[in-house]
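Chemist: The structure follows.
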Amino acid sequence: MGMASKIALGCGGVVVLILVVLGLAGVGSYNSLNSLNQAVEAQWGQVENVYQRRADLVPNLVETVKGAAAFEKETFMAVTEARAKVGQVSAGKAPSDAASLARFQQAQEGLGSALSRLLVVVEKYPDLKATQNFRDLQAQLEGTENRIAVERMRFNQAAQAFNTKRNSFPTLIVAGFLGDRFRDKAYFKAQAGAETAPKVSFQ
């Protein structure tokens, strides 16, 4: 075997070795992205679960308040309409872009705002506030709101882990070849006005 053949064989071996290493790196990157993507989807399921829990409480809460506050029709309609909008934007899968997540968040904030107005209305009816049924529903709603905050935070953490991996080298190259399958994940943002502490008064 001549010197030229040995050099060609050696170069061919190096090329094969480089291709094997790149192939393994690509497979590893793909598997990591897939695993982190599944974590984001699982956490999105938890986010939707707690938001669904809140939506499920709405009819009982409205019916309970309606019995004592029959003249507050405008408030009841606002809550019912906001709940319907929430049903229209629920995706089942984590939103694929910031605009989709913003629409979801806006609908949920609309329901949260309508529920807040409903609870303000209740302040006019002390007999209603004293009933066990209303107190139970209010406690469930408060617990659900706390869970929503926790699950949103966990979703943002899962999205951050995915985005960090997706945008690191060499995973960034692998993700680029896969197109929209592994796009950056959007984050929940704080509600408008969240930077201002609410005023609390005890009467």
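Computed from the coordinates by the stated procedures, all read-outs in this text should not be read as laboratory data. Everything quoted here is computed from the prediction, not taken from an experiment. Every residue, glycine as well, gets a Cβ built from its backbone with ideal geometry; the counts of neighbours run over all protein chains shown.
Chemist: Per-residue counts of other Cβ atoms within 10 Å, averaged by peptide: what ranking do you get for 74-83, 96-105, highest first?
Modeler: 74-83, 96-105
Chemist: What number do you get for segment 21-182 when its Cα radius of gyration is normalised by 2.2 N^0.38 Å, N = residues?
Modeler: 1.37
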